[in-house]
Amino acid sequence: MDQSERPKVAYYCMEFGVAAELPVYSGGLGILAGDVMKSAGDLRLPVTGIGLFWDEGYCRQHVRPDGQVEDRYVRTARDALEPLEVQFAVTVAGREVACRAYRLRRHVRSTLYFIEPAAEADRWITRRLYGGGHEDRIAQELLLGVGGVRLLRALGVEPDVYHFNEGHAVFAGLELLRERRAGGHSLADALAWVRERVVFTTHTPVLAGNEAHAIDLLTRMSADLGCSTDELTAIGGSPFNMTVAGLRLSRRANAVAQLHGETARSMWREVEAAAPIIAVTNGVHVGTWQDPRVRAAVVADKSPERRRADLWRAHQQMKRELIAVIAERTGAQMSADRLLVGFARRAATYKRADLVLTDEARLSALLERGLQLVFAGKAHPADTDGKAVVARIHEAARRFPGQIAYLENYDIELGALLTRGCDVWLNNPRRPKEASGTSGMKAAMNGVLNLSVLDGWWPEGCRHGETGWVIGDSANGTVNLTAAEIDAIDARDRDSLYRVLGDEVLPRYQGDREAWIAMMEHSVAMASWRFSSDRMVEDYFERLYSPG
(Lines give C-alpha, C1' and ligand atoms only; values in the text may rest on other atoms or scores of the structure.)
Protein backbone atom coordinates (compact mmCIF):
# COMPACT_ATOMS: atom_id res chain seq x y z
CA MET A 1 0.00 0.00 0.00
CA ASP A 2 1.38 3.42 -1.00
CA GLN A 3 2.12 5.67 2.00
CA SER A 4 -0.25 8.35 0.70
CA GLU A 5 -3.06 5.77 0.58
CA ARG A 6 -2.73 4.72 4.21
CA PRO A 7 -5.97 5.29 6.15
CA LYS A 8 -5.89 7.70 9.10
CA VAL A 9 -6.39 5.68 12.29
CA ALA A 10 -7.63 6.66 15.75
CA TYR A 11 -6.31 4.05 18.22
CA TYR A 12 -8.19 3.88 21.53
CA CYS A 13 -6.89 2.18 24.66
CA MET A 14 -7.57 2.53 28.38
CA GLU A 15 -3.83 2.45 29.14
CA PHE A 16 -0.60 3.30 27.34
CA GLY A 17 2.78 2.10 28.64
CA VAL A 18 5.44 4.25 27.03
CA ALA A 19 7.87 4.98 29.89
CA ALA A 20 8.30 4.27 33.59
CA GLU A 21 7.86 7.96 34.39
CA LEU A 22 4.22 7.69 33.20
CA PRO A 23 2.68 4.85 35.26
CA VAL A 24 -0.65 5.08 33.39
CA TYR A 25 -0.52 1.38 32.49
CA SER A 26 -1.00 -1.85 34.44
CA GLY A 27 0.58 -4.51 32.25
CA GLY A 28 0.60 -6.15 28.86
CA LEU A 29 -2.37 -4.31 27.34
CA GLY A 30 -0.81 -0.92 28.02
CA ILE A 31 2.69 -1.96 26.98
CA LEU A 32 1.27 -3.27 23.71
CA ALA A 33 -0.54 0.03 23.09
CA GLY A 34 2.63 1.98 23.84
CA ASP A 35 4.62 -0.17 21.44
CA VAL A 36 1.96 0.34 18.74
CA MET A 37 2.35 4.10 19.07
CA LYS A 38 6.15 3.88 19.02
CA SER A 39 6.19 1.78 15.84
CA ALA A 40 3.56 3.96 14.16
CA GLY A 41 5.79 6.97 14.79
CA ASP A 42 8.97 5.22 13.65
CA LEU A 43 7.25 4.08 10.43
CA ARG A 44 5.57 7.49 9.91
CA LEU A 45 2.13 5.91 9.81
CA PRO A 46 -0.99 8.04 10.44
CA VAL A 47 -2.04 6.68 13.84
CA THR A 48 -3.42 8.94 16.58
CA GLY A 49 -3.64 7.45 20.07
CA ILE A 50 -6.49 8.28 22.48
CA GLY A 51 -6.21 7.42 26.17
CA LEU A 52 -6.98 8.70 29.66
CA PHE A 53 -4.58 10.48 31.98
CA TRP A 54 -4.62 8.70 35.33
CA ASP A 55 -3.88 11.06 38.21
CA GLU A 56 -2.41 8.33 40.42
CA GLY A 57 -1.93 5.78 37.68
CA TYR A 58 -1.59 2.13 38.66
CA CYS A 59 -0.50 0.94 42.09
CA ARG A 60 2.99 0.34 43.32
CA GLN A 61 3.25 -2.75 45.48
CA HIS A 62 5.36 -3.49 48.53
CA VAL A 63 5.61 -6.79 50.41
CA ARG A 64 5.80 -6.31 54.16
CA PRO A 65 8.05 -8.54 56.28
CA ASP A 66 4.97 -10.53 57.29
CA GLY A 67 4.27 -11.29 53.60
CA GLN A 68 1.25 -9.01 53.26
CA VAL A 69 1.09 -7.07 49.99
CA GLU A 70 0.50 -3.32 50.29
CA ASP A 71 -0.70 -1.05 47.46
CA ARG A 72 0.77 2.43 47.27
CA TYR A 73 -0.12 5.31 44.96
CA VAL A 74 1.74 8.45 43.94
CA ARG A 75 0.70 11.37 41.76
CA THR A 76 1.61 10.96 38.10
CA ALA A 77 4.14 13.50 36.84
CA ARG A 78 2.91 15.80 34.06
CA ASP A 79 6.29 16.97 32.78
CA ALA A 80 5.91 15.10 29.47
CA LEU A 81 2.45 16.55 28.69
CA GLU A 82 1.54 19.53 26.53
CA PRO A 83 -1.94 21.03 27.25
CA LEU A 84 -4.24 21.44 24.23
CA GLU A 85 -6.45 24.49 23.65
CA VAL A 86 -9.66 22.55 23.08
CA GLN A 87 -12.94 22.24 24.97
CA PHE A 88 -15.43 19.39 25.00
CA ALA A 89 -17.69 17.68 27.54
CA VAL A 90 -19.24 14.31 28.35
CA THR A 91 -22.38 13.69 30.42
CA VAL A 92 -21.70 11.38 33.37
CA ALA A 93 -24.43 10.52 35.89
CA GLY A 94 -26.47 13.52 34.88
CA ARG A 95 -23.55 15.94 35.18
CA GLU A 96 -21.85 17.64 32.25
CA VAL A 97 -18.18 16.89 32.77
CA ALA A 98 -15.96 19.44 31.06
CA CYS A 99 -12.81 17.75 29.74
CA ARG A 100 -9.33 18.80 28.81
CA ALA A 101 -6.64 17.01 26.86
CA TYR A 102 -2.88 16.79 26.55
CA ARG A 103 -0.45 15.66 23.91
CA LEU A 104 2.52 13.54 24.91
CA ARG A 105 5.70 15.51 24.15
CA ARG A 106 8.27 12.70 24.31
CA HIS A 107 8.77 8.92 24.19
CA VAL A 108 6.79 8.47 20.93
CA ARG A 109 7.07 10.10 17.52
CA SER A 110 3.38 9.58 16.78
CA THR A 111 0.50 11.63 18.18
CA LEU A 112 -0.83 10.43 21.53
CA TYR A 113 -3.55 12.32 23.43
CA PHE A 114 -4.65 11.90 27.04
CA ILE A 115 -8.04 13.06 28.35
CA GLU A 116 -9.05 14.01 31.91
CA PRO A 117 -11.85 16.00 33.58
CA ALA A 118 -11.07 19.71 33.75
CA ALA A 119 -12.57 20.26 37.24
CA GLU A 120 -11.05 18.78 40.39
CA ALA A 121 -14.56 17.76 41.51
CA ASP A 122 -14.79 15.38 38.53
CA ARG A 123 -11.27 14.01 38.83
CA TRP A 124 -12.55 10.93 40.72
CA ILE A 125 -13.23 9.50 37.28
CA THR A 126 -9.57 9.31 36.32
CA ARG A 127 -8.03 8.99 39.75
CA ARG A 128 -6.73 5.42 39.45
CA LEU A 129 -6.45 2.98 36.57
CA TYR A 130 -8.95 0.12 37.05
CA GLY A 131 -9.98 1.51 40.42
CA GLY A 132 -13.52 1.62 41.82
CA GLY A 133 -16.65 -0.28 40.90
CA HIS A 134 -18.99 -0.51 37.92
CA GLU A 135 -20.06 3.14 38.08
CA ASP A 136 -16.45 4.31 38.11
CA ARG A 137 -15.59 2.04 35.18
CA ILE A 138 -18.55 3.22 33.10
CA ALA A 139 -17.60 6.84 33.80
CA GLN A 140 -14.02 6.13 32.71
CA GLU A 141 -15.16 4.39 29.55
CA LEU A 142 -17.50 7.27 28.70
CA LEU A 143 -14.56 9.67 28.87
CA LEU A 144 -12.40 7.39 26.74
CA GLY A 145 -15.01 6.51 24.12
CA VAL A 146 -17.46 9.41 23.89
CA GLY A 147 -14.83 11.93 25.01
CA GLY A 148 -12.29 10.53 22.56
CA VAL A 149 -14.60 11.11 19.59
CA ARG A 150 -15.46 14.62 20.80
CA LEU A 151 -11.78 15.46 21.25
CA LEU A 152 -11.09 14.52 17.65
CA ARG A 153 -14.05 16.65 16.51
CA ALA A 154 -12.73 19.60 18.53
CA LEU A 155 -9.32 19.17 16.88
CA GLY A 156 -10.86 18.90 13.40
CA VAL A 157 -9.52 15.36 12.96
CA GLU A 158 -11.62 12.90 10.90
CA PRO A 159 -10.16 9.37 11.06
CA ASP A 160 -10.83 6.79 8.39
CA VAL A 161 -10.60 3.96 10.92
CA TYR A 162 -11.41 3.76 14.64
CA HIS A 163 -9.44 0.96 16.31
CA PHE A 164 -10.73 -0.15 19.73
CA ASN A 165 -7.97 -2.00 21.60
CA GLU A 166 -10.11 -4.10 23.98
CA GLY A 167 -13.73 -3.42 24.97
CA HIS A 168 -13.07 -0.35 27.13
CA ALA A 169 -13.36 1.92 24.08
CA VAL A 170 -16.70 0.60 22.77
CA PHE A 171 -18.66 3.72 23.75
CA ALA A 172 -16.80 5.51 20.97
CA GLY A 173 -18.77 3.30 18.57
CA LEU A 174 -22.04 4.33 20.24
CA GLU A 175 -21.03 7.99 19.96
CA LEU A 176 -20.37 7.56 16.24
CA LEU A 177 -23.77 5.88 15.99
CA ARG A 178 -25.45 8.76 17.85
CA GLU A 179 -23.79 11.34 15.58
CA ARG A 180 -24.92 9.55 12.45
CA ARG A 181 -28.50 9.18 13.65
CA ALA A 182 -28.60 12.85 14.66
CA GLY A 183 -27.95 13.60 10.99
CA GLY A 184 -31.23 11.93 10.07
CA HIS A 185 -30.07 8.39 9.28
CA SER A 186 -31.94 5.28 10.41
CA LEU A 187 -30.44 2.95 13.00
CA ALA A 188 -29.71 0.31 10.32
CA ASP A 189 -27.99 2.82 8.03
CA ALA A 190 -26.05 4.33 10.93
CA LEU A 191 -24.90 0.90 12.10
CA ALA A 192 -23.70 0.02 8.61
CA TRP A 193 -21.80 3.33 8.41
CA VAL A 194 -20.15 2.78 11.81
CA ARG A 195 -19.18 -0.80 11.00
CA GLU A 196 -17.35 0.36 7.87
CA ARG A 197 -15.06 2.46 10.09
CA VAL A 198 -14.50 0.44 13.27
CA VAL A 199 -12.11 -2.43 13.95
CA PHE A 200 -11.70 -4.20 17.26
CA THR A 201 -8.98 -6.14 19.09
CA THR A 202 -10.06 -8.75 21.62
CA HIS A 203 -7.56 -9.95 24.22
CA THR A 204 -9.09 -11.83 27.16
CA PRO A 205 -9.66 -15.55 26.36
CA VAL A 206 -11.79 -16.05 29.48
CA LEU A 207 -15.52 -15.32 29.22
CA ALA A 208 -15.73 -14.00 32.79
CA GLY A 209 -12.91 -11.55 32.09
CA ASN A 210 -14.85 -9.75 29.35
CA GLU A 211 -16.47 -6.74 30.96
CA ALA A 212 -20.25 -6.40 31.15
CA HIS A 213 -22.54 -3.71 32.63
CA ALA A 214 -26.20 -3.78 33.65
CA ILE A 215 -28.30 -1.99 31.03
CA ASP A 216 -30.20 0.10 33.60
CA LEU A 217 -26.90 1.26 35.11
CA LEU A 218 -25.64 2.31 31.68
CA THR A 219 -28.75 4.37 30.98
CA ARG A 220 -28.57 5.98 34.43
CA MET A 221 -24.90 6.85 33.99
CA SER A 222 -25.20 8.57 30.64
CA ALA A 223 -27.68 10.18 28.31
CA ASP A 224 -24.84 10.48 25.78
CA LEU A 225 -25.07 6.90 24.56
CA GLY A 226 -28.04 7.81 22.37
CA CYS A 227 -29.60 4.33 22.38
CA SER A 228 -32.74 2.94 23.92
CA THR A 229 -32.64 -0.03 26.27
CA ASP A 230 -33.74 -2.33 23.46
CA GLU A 231 -31.08 -0.94 21.11
CA LEU A 232 -28.32 -1.34 23.71
CA THR A 233 -29.46 -4.93 24.27
CA ALA A 234 -29.42 -5.64 20.53
CA ILE A 235 -25.84 -4.36 20.29
CA GLY A 236 -24.27 -5.71 23.47
CA GLY A 237 -26.76 -8.09 25.05
CA SER A 238 -28.09 -7.83 28.59
CA PRO A 239 -26.03 -7.30 30.60
CA PHE A 240 -24.22 -5.15 28.04
CA ASN A 241 -21.03 -7.04 27.15
CA MET A 242 -18.31 -4.71 25.90
CA THR A 243 -16.64 -7.42 23.79
CA VAL A 244 -19.92 -8.47 22.16
CA ALA A 245 -20.66 -4.82 21.38
CA GLY A 246 -17.15 -4.35 19.99
CA LEU A 247 -17.61 -7.31 17.67
CA ARG A 248 -21.04 -6.15 16.50
CA LEU A 249 -19.91 -2.57 15.89
CA SER A 250 -16.85 -3.59 13.85
CA ARG A 251 -16.28 -4.65 10.26
CA ARG A 252 -13.29 -6.74 11.32
CA ALA A 253 -11.75 -7.91 14.58
CA ASN A 254 -8.48 -9.52 15.54
CA ALA A 255 -7.13 -11.86 18.16
CA VAL A 256 -3.53 -11.38 19.28
CA ALA A 257 -1.92 -14.73 18.37
CA GLN A 258 -2.77 -17.59 16.04
CA LEU A 259 -3.84 -19.91 18.88
CA HIS A 260 -5.80 -17.07 20.46
CA GLY A 261 -7.60 -16.63 17.15
CA GLU A 262 -8.88 -20.20 17.40
CA THR A 263 -9.91 -19.65 21.01
CA ALA A 264 -11.65 -16.32 20.30
CA ARG A 265 -13.57 -17.66 17.31
CA SER A 266 -14.82 -20.53 19.46
CA MET A 267 -15.72 -18.24 22.38
CA TRP A 268 -17.77 -15.80 20.29
CA ARG A 269 -19.15 -18.13 17.63
CA GLU A 270 -22.74 -17.60 18.79
CA VAL A 271 -22.60 -13.77 18.60
CA GLU A 272 -24.77 -12.97 15.59
CA ALA A 273 -23.72 -10.28 13.10
CA ALA A 274 -20.28 -10.16 14.72
CA ALA A 275 -17.16 -9.09 12.88
CA PRO A 276 -14.98 -11.94 11.58
CA ILE A 277 -12.03 -12.53 13.92
CA ILE A 278 -8.65 -12.82 12.24
CA ALA A 279 -5.36 -13.36 14.07
CA VAL A 280 -2.67 -10.67 14.09
CA THR A 281 0.05 -11.85 16.44
CA ASN A 282 1.33 -9.19 18.81
CA GLY A 283 4.83 -7.77 18.65
CA VAL A 284 7.07 -5.55 20.76
CA HIS A 285 9.05 -2.41 19.97
CA VAL A 286 12.58 -3.47 19.12
CA GLY A 287 14.08 -0.04 19.87
CA THR A 288 12.67 -0.14 23.39
CA TRP A 289 13.11 -3.77 24.34
CA GLN A 290 16.16 -5.11 22.49
CA ASP A 291 19.43 -3.98 24.05
CA PRO A 292 21.71 -2.11 21.59
CA ARG A 293 24.56 -4.42 22.58
CA VAL A 294 22.59 -7.38 21.24
CA ARG A 295 21.88 -5.59 17.95
CA ALA A 296 25.56 -4.73 17.63
CA ALA A 297 26.59 -8.31 18.38
CA VAL A 298 24.52 -10.02 15.68
CA VAL A 299 25.26 -7.80 12.66
CA ALA A 300 25.66 -9.83 9.49
CA ASP A 301 29.12 -8.65 8.45
CA LYS A 302 30.87 -10.51 11.29
CA SER A 303 32.11 -14.08 11.20
CA PRO A 304 29.88 -16.61 13.01
CA GLU A 305 32.55 -17.04 15.68
CA ARG A 306 32.78 -13.29 16.30
CA ARG A 307 29.00 -12.90 16.41
CA ARG A 308 28.62 -15.61 19.01
CA ALA A 309 31.49 -14.34 21.13
CA ASP A 310 30.08 -10.80 21.07
CA LEU A 311 26.55 -12.04 21.83
CA TRP A 312 27.74 -14.00 24.85
CA ARG A 313 29.83 -11.06 26.09
CA ALA A 314 26.84 -8.70 25.77
CA HIS A 315 24.59 -11.19 27.54
CA GLN A 316 26.97 -11.61 30.45
CA GLN A 317 27.21 -7.82 30.83
CA MET A 318 23.41 -7.56 30.98
CA LYS A 319 23.21 -10.49 33.40
CA ARG A 320 25.70 -8.86 35.77
CA GLU A 321 23.69 -5.63 35.60
CA LEU A 322 20.53 -7.50 36.59
CA ILE A 323 22.33 -9.35 39.38
CA ALA A 324 23.57 -6.03 40.74
CA VAL A 325 20.00 -4.69 40.85
CA ILE A 326 18.81 -7.89 42.57
CA ALA A 327 21.52 -7.44 45.22
CA GLU A 328 20.72 -3.75 45.65
CA ARG A 329 16.98 -4.31 46.06
CA THR A 330 16.90 -7.59 47.98
CA GLY A 331 20.36 -8.31 49.34
CA ALA A 332 20.43 -11.63 47.43
CA GLN A 333 23.88 -12.40 46.02
CA MET A 334 23.44 -14.37 42.79
CA SER A 335 26.12 -15.73 40.50
CA ALA A 336 26.70 -14.79 36.86
CA ASP A 337 28.10 -18.30 36.30
CA ARG A 338 24.91 -20.10 37.30
CA LEU A 339 21.69 -20.48 35.31
CA LEU A 340 19.28 -17.61 36.05
CA VAL A 341 15.61 -18.24 35.21
CA GLY A 342 13.20 -15.30 35.27
CA PHE A 343 9.44 -15.03 35.64
CA ALA A 344 7.83 -11.57 35.55
CA ARG A 345 4.15 -10.92 34.78
CA ARG A 346 0.92 -9.72 36.28
CA ALA A 347 0.29 -11.94 39.29
CA ALA A 348 -2.92 -13.54 38.05
CA THR A 349 -3.52 -17.07 39.32
CA TYR A 350 -3.90 -18.63 35.84
CA LYS A 351 -0.32 -17.60 35.05
CA ARG A 352 0.85 -19.92 37.87
CA ALA A 353 3.93 -17.90 38.85
CA ASP A 354 4.50 -20.21 41.81
CA LEU A 355 4.18 -23.51 39.90
CA VAL A 356 7.92 -24.16 40.06
CA LEU A 357 7.85 -23.69 43.84
CA THR A 358 5.17 -26.26 44.64
CA ASP A 359 7.33 -29.40 45.04
CA GLU A 360 10.02 -28.31 47.47
CA ALA A 361 12.03 -31.52 47.25
CA ARG A 362 12.40 -31.35 43.46
CA LEU A 363 12.95 -27.59 43.59
CA SER A 364 15.71 -28.00 46.19
CA ALA A 365 17.43 -30.59 44.04
CA LEU A 366 17.50 -28.20 41.08
CA LEU A 367 18.74 -25.33 43.25
CA GLU A 368 21.57 -27.54 44.50
CA ARG A 369 22.53 -28.21 40.87
CA GLY A 370 22.91 -24.49 40.20
CA LEU A 371 19.42 -23.17 39.36
CA GLN A 372 18.64 -19.57 40.34
CA LEU A 373 15.15 -17.99 40.12
CA VAL A 374 14.11 -14.35 40.01
CA PHE A 375 10.46 -13.25 40.08
CA ALA A 376 8.63 -9.97 39.63
CA GLY A 377 5.01 -8.98 39.10
CA LYS A 378 2.09 -7.07 40.55
CA ALA A 379 -1.34 -8.33 41.51
CA HIS A 380 -4.44 -6.28 40.77
CA PRO A 381 -5.23 -4.29 43.95
CA ALA A 382 -8.52 -6.20 44.36
CA ASP A 383 -7.07 -9.64 43.53
CA THR A 384 -6.52 -11.32 46.89
CA ASP A 385 -5.62 -14.63 45.24
CA GLY A 386 -2.99 -12.92 43.10
CA LYS A 387 -1.56 -11.22 46.19
CA ALA A 388 -1.37 -14.62 47.88
CA VAL A 389 0.77 -15.85 44.97
CA VAL A 390 3.13 -12.89 45.49
CA ALA A 391 3.30 -13.68 49.21
CA ARG A 392 4.23 -17.33 48.48
CA ILE A 393 7.02 -16.24 46.14
CA HIS A 394 8.26 -13.76 48.75
CA GLU A 395 8.32 -16.55 51.35
CA ALA A 396 10.25 -18.85 48.98
CA ALA A 397 12.84 -16.10 48.49
CA ARG A 398 13.16 -15.87 52.28
CA ARG A 399 13.69 -19.66 52.57
CA PHE A 400 16.25 -19.83 49.74
CA PRO A 401 18.35 -16.64 50.03
CA GLY A 402 20.76 -16.14 47.16
CA GLN A 403 18.94 -18.72 45.04
CA ILE A 404 15.43 -17.24 44.74
CA ALA A 405 14.67 -13.52 44.65
CA TYR A 406 11.51 -11.45 44.32
CA LEU A 407 11.72 -7.90 42.93
CA GLU A 408 8.94 -5.53 43.98
CA ASN A 409 7.06 -3.01 41.87
CA TYR A 410 7.39 -4.49 38.40
CA ASP A 411 7.48 -1.72 35.76
CA ILE A 412 8.92 -0.94 32.33
CA GLU A 413 12.48 -0.39 33.59
CA LEU A 414 12.54 -3.58 35.61
CA GLY A 415 10.90 -5.48 32.74
CA ALA A 416 13.72 -4.40 30.44
CA LEU A 417 16.39 -5.47 32.92
CA LEU A 418 14.82 -8.89 33.41
CA THR A 419 14.17 -9.68 29.74
CA ARG A 420 17.80 -8.81 28.97
CA GLY A 421 19.63 -10.23 31.97
CA CYS A 422 18.06 -13.64 32.60
CA ASP A 423 19.32 -16.77 30.84
CA VAL A 424 15.87 -18.36 30.53
CA TRP A 425 12.37 -16.87 30.49
CA LEU A 426 9.75 -19.05 32.18
CA ASN A 427 6.08 -19.01 31.15
CA ASN A 428 3.58 -21.56 32.43
CA PRO A 429 -0.02 -20.33 32.17
CA ARG A 430 -2.98 -22.66 32.11
CA ARG A 431 -3.47 -23.17 28.39
CA PRO A 432 -5.23 -21.50 26.50
CA LYS A 433 -5.68 -18.54 28.87
CA GLU A 434 -2.59 -16.60 27.76
CA ALA A 435 -3.77 -14.58 24.77
CA SER A 436 -0.27 -13.57 23.67
CA GLY A 437 2.38 -13.02 26.36
CA THR A 438 4.71 -10.41 24.90
CA SER A 439 7.37 -10.54 27.64
CA GLY A 440 8.68 -13.74 26.07
CA MET A 441 9.14 -11.90 22.77
CA LYS A 442 11.26 -9.26 24.52
CA ALA A 443 13.36 -11.96 26.11
CA ALA A 444 13.78 -13.84 22.82
CA MET A 445 15.07 -10.82 20.90
CA ASN A 446 17.74 -10.40 23.59
CA GLY A 447 18.90 -14.02 23.33
CA VAL A 448 17.09 -15.09 26.51
CA LEU A 449 15.71 -18.57 25.83
CA ASN A 450 12.03 -19.26 26.45
CA LEU A 451 10.88 -22.21 28.54
CA SER A 452 7.13 -22.16 28.03
CA VAL A 453 3.81 -23.88 27.77
CA LEU A 454 2.57 -23.86 24.16
CA ASP A 455 0.24 -20.92 24.72
CA GLY A 456 -0.07 -17.40 23.34
CA TRP A 457 2.67 -16.58 20.83
CA TRP A 458 5.01 -19.47 21.74
CA PRO A 459 3.53 -22.09 19.35
CA GLU A 460 4.58 -19.72 16.54
CA GLY A 461 8.11 -19.08 17.81
CA CYS A 462 9.18 -22.33 19.41
CA ARG A 463 11.51 -24.87 17.86
CA HIS A 464 12.22 -27.14 20.83
CA GLY A 465 15.93 -27.25 21.57
CA GLU A 466 16.67 -24.53 19.02
CA THR A 467 14.89 -21.31 20.08
CA GLY A 468 13.83 -22.58 23.52
CA TRP A 469 11.89 -25.43 25.11
CA VAL A 470 8.30 -26.62 25.43
CA ILE A 471 6.81 -27.67 28.74
CA GLY A 472 3.40 -29.20 29.37
CA ASP A 473 0.95 -30.97 27.10
CA SER A 474 -0.21 -29.05 24.01
CA ALA A 475 -3.53 -30.89 24.18
CA ASN A 476 -4.29 -29.41 27.57
CA GLY A 477 -6.99 -26.78 27.84
CA THR A 478 -8.81 -25.37 30.82
CA VAL A 479 -12.12 -24.36 29.25
CA ASN A 480 -15.10 -25.87 31.11
CA LEU A 481 -12.98 -28.27 33.16
CA THR A 482 -13.63 -29.39 36.70
CA ALA A 483 -11.38 -28.41 39.60
CA ALA A 484 -10.03 -31.98 39.70
CA GLU A 485 -9.17 -31.87 36.00
CA ILE A 486 -7.40 -28.55 36.43
CA ASP A 487 -5.41 -29.95 39.38
CA ALA A 488 -4.36 -32.89 37.20
CA ILE A 489 -3.18 -30.55 34.44
CA ASP A 490 -1.23 -28.48 36.98
CA ALA A 491 0.45 -31.65 38.26
CA ARG A 492 1.41 -32.80 34.74
CA ASP A 493 2.72 -29.36 33.78
CA ARG A 494 4.73 -29.12 37.02
CA ASP A 495 6.27 -32.54 36.35
CA SER A 496 7.14 -31.50 32.79
CA LEU A 497 8.68 -28.25 34.03
CA TYR A 498 10.98 -29.98 36.53
CA ARG A 499 11.90 -32.67 33.99
CA VAL A 500 12.81 -30.27 31.17
CA LEU A 501 14.74 -28.01 33.54
CA GLY A 502 16.68 -30.92 35.01
CA ASP A 503 17.19 -33.06 31.90
CA GLU A 504 17.61 -30.49 29.13
CA VAL A 505 18.06 -26.88 30.23
CA LEU A 506 20.60 -27.21 33.05
CA PRO A 507 22.77 -29.83 31.25
CA ARG A 508 22.99 -27.71 28.11
CA TYR A 509 23.81 -24.52 30.01
CA GLN A 510 26.44 -26.22 32.14
CA GLY A 511 27.86 -28.66 29.61
CA ASP A 512 27.61 -27.23 26.08
CA ARG A 513 28.20 -23.49 25.98
CA GLU A 514 28.54 -23.40 22.19
CA ALA A 515 25.16 -25.08 21.70
CA TRP A 516 23.62 -22.64 24.20
CA ILE A 517 24.98 -19.61 22.37
CA ALA A 518 23.78 -21.04 19.05
CA MET A 519 20.29 -21.23 20.57
CA MET A 520 20.58 -17.60 21.69
CA GLU A 521 21.49 -16.61 18.14
CA HIS A 522 18.52 -18.54 16.71
CA SER A 523 16.24 -16.87 19.26
CA VAL A 524 17.34 -13.35 18.33
CA ALA A 525 16.95 -14.09 14.61
CA MET A 526 13.49 -15.61 15.17
CA ALA A 527 12.11 -12.71 17.22
CA SER A 528 13.64 -9.48 15.93
CA TRP A 529 11.24 -8.95 13.02
CA ARG A 530 8.58 -11.64 13.24
CA PHE A 531 7.60 -10.60 16.78
CA SER A 532 8.26 -6.88 16.45
CA SER A 533 5.59 -4.19 16.74
CA ASP A 534 6.79 -2.80 13.38
CA ARG A 535 5.62 -6.06 11.76
CA MET A 536 2.42 -6.01 13.82
CA VAL A 537 1.50 -2.44 12.81
CA GLU A 538 2.22 -3.21 9.18
CA ASP A 539 -0.12 -6.18 9.52
CA TYR A 540 -2.77 -3.92 11.02
CA PHE A 541 -2.66 -1.66 7.98
CA GLU A 542 -2.65 -4.52 5.48
CA ARG A 543 -5.12 -6.89 7.14
CA LEU A 544 -7.22 -4.92 9.62
CA TYR A 545 -7.46 -1.33 8.38
CA SER A 546 -7.63 -1.91 4.65
CA PRO A 547 -11.14 -1.61 3.17
CA GLY A 548 -13.11 -4.57 1.91
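Descriptive notes on the structure:
- Any hit, segment 505-525, residues being under 30 Å from R6 (Cα atoms), in a helix (DSSP H, G or I) and within 29 Å of the chain's Cα centre (by Cα): yes
- Tabulated pairs, segment 407-422, first outside the structural domain of H107 (by TED's automatic domain parsing) and farther than 20 Å from R338 by Cα, second among the aromatic types (F, W, Y) and assigned to a helix (DSSP H, G or I), C-beta under 8 angstrom, 6+ apart or interchain: A416/W289
- Subset of segment 430-467 (residues that are in a loop (DSSP other than H, G, I, E, B), in contact with a helix residue (DSSP H, G or I) (Cβ under 6 Å, 6 or more places away or on another chain), at pLDDT 95 or above and surrounded by fewer than 24 Cβ atoms within 10 Å (Cβ to Cβ)): E466, T467
- The set of residues in segment 403-428 that are part of a loop (DSSP other than H, G, I, E, B) and at pLDDT 95 or above comprises Q403, C422, D423, N428.
- Residues satisfying the stated conditions in segment 393-411, i.e. touching a Ser or Thr at 6+ places or on another chain (Cβ under 9 Å) and either surrounded by 20 or more Cβ atoms within 10 Å (Cβ to Cβ) or over 29 Å from Q316 (Cβ atoms) (or both): A397, A405, Y406, L407
- Among (1) of a type in the set (K, R); (2) surrounded by 18 or more Cβ atoms within 10 Å (Cβ to Cβ); (3) part of a loop (DSSP other than H, G, I, E, B), the one test that R530 misses: (2)
- Within segment 104-146, the only residue that satisfies the criterion of being under 18 Å from M242 (Cβ atoms) and aromatic (F, W, Y) is Y130.
- Restricting attention to segment 437-461, the residues being within 22 Å of T263 (Cα to Cα) and in contact with a Ser or Thr (Cβ under 7 Å, 6 or more places away or on another chain) number 8.
Okay, residues lined up against (1) closer than 25 Å to V299 by Cα; (2) not hydroxyl-bearing (S, T, Y):
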{"position": "Y410", "(1), (2)": "no, no"}
{"position": "L418", "(1), (2)": "yes, yes"}
{"position": "N450", "(1), (2)": "yes, yes"}
{"position": "E466", "(1), (2)": "yes, yes"}
{"position": "D473", "(1), (2)": "no, yes"}
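- Looking across segment 214-255, the residues that are charged (D, E, K, R) and surrounded by fewer than 18 Cβ atoms within 10 Å (Cβ to Cβ) come down to D216, R220, D230, E231.
- Against the test of being among the charged types (D, E, K, R), surrounded by fewer than 24 Cβ atoms within 10 Å (Cβ to Cβ), closer than 19 Å to P239 by Cα and modelled with pLDDT of 95 or more, the options D160, D189, D136, D122 yield a single qualifying residue, D136.
- For A223, the stated conditions do not hold, so it cannot be described as outside any strand (DSSP E or B), at pLDDT 95 or above and farther than 30 Å from R430 by Cα.
- Elements of type strands (runs of 3 or more DSSP E) contained in segment 1-91, each with 2 or more residues being surrounded by 23 or more Cβ atoms within 10 Å (Cβ to Cβ): 9-12, 47-52
- For A488, the conditions (1) part of a helix (DSSP H, G or I); (2) at pLDDT 95 or above; (3) farther than 28 Å from M526 by Cβ all hold with the exception of (2).
- Near pairs, Cβ below 6 angstrom, 6+ apart or cross-chain, from segment 508-531 (under 24 Å from W457 (Cβ atoms) and not assigned by TED's automatic domain parsing to the domain that holds E466) to any residue that is at pLDDT below 95 and surrounded by fewer than 17 Cβ atoms within 10 Å (Cβ to Cβ): none
- Residue in segment 474-493 that is buried (at least 16 other Cβ atoms within 10 Å of the Cβ), in contact with a His (Cβ under 8 Å, 6 or more places away or on another chain) and hydrophobic (A, V, I, L, M, F, W, C) present: no
- Some residue of segment 241-250 being among the basic types (K, R), in contact with a Phe, Trp or Tyr (Cβ under 9 Å, 6 or more places away or on another chain) and in contact (Cβ under 8 Å) with a residue 24 or more places away in the chain: no
The values are calculated or read from the model by the stated rules, or taken from the named source; none is laboratory data. Owing to the predicted nature of the structure, the values given are computational and were not obtained by experimental measurement. Positions of Cβ are backbone-derived with ideal geometry, glycine not excepted, and every protein chain shown enters the neighbour counts.
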